[in-house]
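Colleague: Just passing along the structure, written as structure tokens.
Nothing in this text is a laboratory measurement; each read-out follows from the coordinates by a stated rule. This structure is a prediction, so every number in the text was calculated from the model and none was measured. Quick reminder, even Gly has a Cβ in these numbers, built from the backbone with ideal geometry, and neighbours come from all protein chains shown.
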Amino acid sequence: MTLSLPAVNLQTGAEFGDMTQILRNLGSCPPCFEFGTICEFSSRGYDVQKGTVLFFLKLGPSPFLLTYSFGHYLYPKALKTGNDIFGYNYHTMMFNGLYANAYLGRYNLPPYEGDDQTYFQRLVTEGKAADLAAAQALAESTWVWPYRNDNLIMKWNDAWLANQDCDGDGLLDRHYGFTSYLDSGAWLTNHQSGTYEVNGNIYFWNYFVKIVAVSQNDRLVNEIWYKPDGTEIGPAIWGEFAIIQEVYNDTGTGDHGILYRSPAGPGLGKNW
């Protein structure tokens, strides 16, 4: 399969140059910077009057493999399309799995699969711990361990975490084109759910939250973000973000419905 790209304008006599930079200058990242699945460069013609060279990409091994970050359980494996063993699908910008598995990989630990003793034994077998007691202590030392049986679905946009590497640092881009998340339009949603037991009764709960990046012109007052005109955006979280909607349901407590709705509106995909 060959993919044709828009012509790249070159000055007369210009050398072939750094192809990666030329392709980035097209205004978007070509497929070869997604998970290292593509990239064999070739030129297929030169238009003297227009001064353009046409470039083509062919499916094949890529010299621009994007890997999991150093220290991650899956490092140095390459990122691929589809769900990984933890539940992340970086291509579709989504996580679907157990809450703890959204973070265990960053501790260089394997994914949890639902049984504590099996997990502790795996830590020993993989050399993460000397014995089962040490394995249990290791797992419990992570802040996510109490949430190992809860479910989590996360969705985000490319400003939060893109599925491409446009800046060439070997990592998936965050707030590409901006020095920080401010004004980037980044957003994230979390949908958590689980069960708990009280006096032999099983109760179900779920929690949903929308989080957006704020603007550099917004004001933070007593841990609440406000628009320049004074309209409340929402409670601050992670510095440059605000919560714009929270929903909680619990069959044990009777809670049902919206906990918080931003006066500025709960919609995503707009600059705050």
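Colleague: Taking amide H positions as placed 1.01 Å from N in the peptide plane, with prolines and chain starts having none, which residues 5 or more places from Ile237, or on another chain, fall under 5 Å of its amide H?
Modeller: HN-HN under 5 Å from Ile237: Ala242, Ile243.
Colleague: Calculate one ³J(HN,Hα) per residue across segment 177-194 by plugging θ = phi - 60° into the Karplus curve 6.51 cos²θ - 1.76 cosθ + 1.60, and present them in order as whole Hz with x for glycine and proline.
Modeller: In residue order, the calculated couplings are x, 10, 6, 8, 6, 4, 6, 6, x, 5, 8, 8, 10, 10, 10, 10, 7, x Hz.
Colleague: Can I ask one more? Be a star and scan segment 97-112 for residues whose amide nitrogen sits under 20 Å from the point 7 Å along the Cα-to-Cβ vector of Asp250.
Modeller: 99-100
Colleague: Turning to a different aspect of this structure: Evaluate the relative contact order of segment 226-272 (contact order divided by residue number), counting alpha-carbon pairs under 8 angstrom at least 6 apart; express in whole percent.
Modeller: 34
Colleague: How high is the FRET efficiency from Asn89 to Asp229, r the C-beta distance, R0 51 Å, rounded to 0.05?
Modeller: 0.85
Colleague: Same structure, new question: I need the calculated FRET efficiency for the pair Thr142 and Glu197, taking r as the beta carbon distance and R₀ as 22 Å, to the nearest 0.05.
Modeller: 0.45
Colleague: Whole-Hz Karplus ³J(HN,Hα) for segment 124-134, in order, using 6.51 cos²θ - 1.76 cosθ + 1.60 and θ = phi - 60°, x for Gly and Pro?
Modeller: Once θ is set to phi - 60°, the couplings for segment 124-134 become 5, 4, 7, x, 7, 8, 6, 8, 5, 5, 5 Hz.
Colleague: Reachable aspartates and glutamates from Lys80, Cα under 16 Å, same-chain residues fewer than 8 places away excluded?
Modeller: By straight Cα distance, Lys80 reaches Glu34, Asp165, Asp173.
Colleague: By count of other Cβ within 10 Å, fewest leading, how are Trp160, Trp145 ordered?
Modeller: Listed from fewest to most nearby Cβ atoms, that is Trp145, Trp160.
Colleague: Any idea what Rg and Dmax come out to for segment 88-261 if you just take the C-alpha atoms, in Å?
Modeller: Cα-based Rg and Dmax for segment 88-261 come out at 19.3, 59 Å.
Colleague: For Lys77 and Tyr103 in the same chain, what is the full-extension length gain: residue separation times 0.36 nm, less their Cα-Cα distance, in nm?
Modeller: Contour length minus the Cα-Cα distance gives 7.6 nm.
Colleague: Can you sort Met94, Met154 by how many other beta carbons sit within 10 Å, fewest first?
Modeller: Listed from fewest to most nearby Cβ atoms, that is Met94, Met154.
Colleague: Relative to the present Cα-Cα distance, how much length would full extension add between Leu132 and Asn206 at 0.36 nm per residue of separation?
Modeller: Values: separation 74, 0.36 × 74 = 26.64 nm, distance 3.26 nm.
Gain on stretching Leu132 to Asn206: 23.4 nm.
Colleague: Arranged by the count of other C-beta atoms within 10 angstrom, fewest first, what order do Asp167, Asp115, Asp158 take?
Modeller: Numbers: Asp167 15, Asp115 10, Asp158 18.
Sorted ascending by nearby Cβ count, the order is Asp115, Asp167, Asp158.
Colleague: If you don't mind, another one. Treating only the Cβ of Lys, Arg, Asp and Glu as charged (+1, +1, -1, -1), what charge dipole size does segment 88-261 show about its Cα centre? Round to the nearest 20 debye.
Modeller: Values: 10 positive and 22 negative charges, 21 e Å.
The dipole magnitude comes to about 100 debye.
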